[in-house]
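To start, the structure itself, in structure tokens.
The numbers here are math on the coordinates, done by the rules we state, and not lab data. All figures in this text were calculated on a predicted structure; none of them were measured in a lab. For neighbour counting, all protein chains shown are included, and Cβ atoms are generated from backbone atoms with ideal geometry for every residue, glycine included.
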Amino acid sequence: MKTIFKILPLTIWLLSTSAFAALSEDGFFSGRISKINNDISVVRVKVDFDNVKYINVKDKIEFWDEKNDTKKCKSYVIGRTADYILLKVPDMKFCERSLYFTTGAYFKFFSEDLLNNVKMGREVVGILIKKRMAVQGQMELKNKEIQAHMDRVGAINARYQTLRDKLEQEWQKEVHALDEDKTFSLRSYKDLERRRDEIDQKLEQYKLKDENLTLDRWSLDSNLYFKK
């Protein structure tokens, strides 16, 4: 029973230590010294990790040789790019004494500020993801409304297309009836025209004059005209 009580605290301690270590990994990164300026105690470090954007000017960083983590140099950030960080090392002599401090050396780095920045970044990302999900949900609703609107427009178009087709058929029917009336009237007109021409021909054939005698205008003097 005593053995159990002894093991239990140790197990709890190991679990808590493991959880802390996993959480703290966000504050660790590695890099290689690319330039040392002893005159102004500045070191330029080449880094290659995505979360470098969470390192800010004035953030505190400590670094050490990965083979010996008991001696650590302290520094703070005075500049950063996507590939490099510029560190101010207040105690440069200690670093030169305690570490293999030279250009090309590979070191491990840790920053509590980076850890906190990444933690806040994760919280921001979580918030943004929730906001995005909310916006995406609203977009889907609006998309359904748009689709429903298009469906309604399609239904209205189909209904009025049916009415349009029916009206077109009625219009064609009426126009066809008018064409038939026109054809009948034209045929009747032509028939009447033919009958009139026949009557005119007969009138010409049977035309009569009021007198059978004609006036003979043989002289310039109209008094001398006579009928013959």
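Under 5 Å from the amide H of ILE61 lie the amide H atoms of SER75, TYR76, VAL77, each residue being 5 or more positions distant or on a separate chain, with H modelled from the backbone and absent for Pro and chain starts. Compared with the direct C-alpha span, the chain from GLU180 to ASP50 gains 38.3 nm at full extension, assuming 0.36 nm per residue.
Taking each residue as 0.36 nm, the span from ALA105 to TYR189 lengthens on full extension beyond its C-alpha to C-alpha distance by 18.7 nm.
When the chain is fully extended, how far beyond the present Cα-Cα distance does SER41 get from LYS131, taking 0.36 nm per residue of separation?
Taking SER41 through LYS131 to full extension adds about 27.9 nm, to one decimal.
The range 21-62 to the range 182-202: how many Å between their Cα centroids? Between the Cα centres of the range 21-62 and the range 182-202 lies a distance of 112 Å.
Binned at 5 Å from 0, what are the whole-percent values of the Cα-Cα distance distribution for the range 59-135, short to long? Final binned percentages: 3, 13, 18, 21, 14, 9, 7, 6, 4, 3, 1, 0. Taking 7 Å steps out from each Cα toward its Cβ at TYR160 and ASP91 produces label points 8.5 nm apart. Quotient of the Cα radius of gyration of the range 24-76 and 2.2 N^0.38 Å, N being its number of residues: 1.18.
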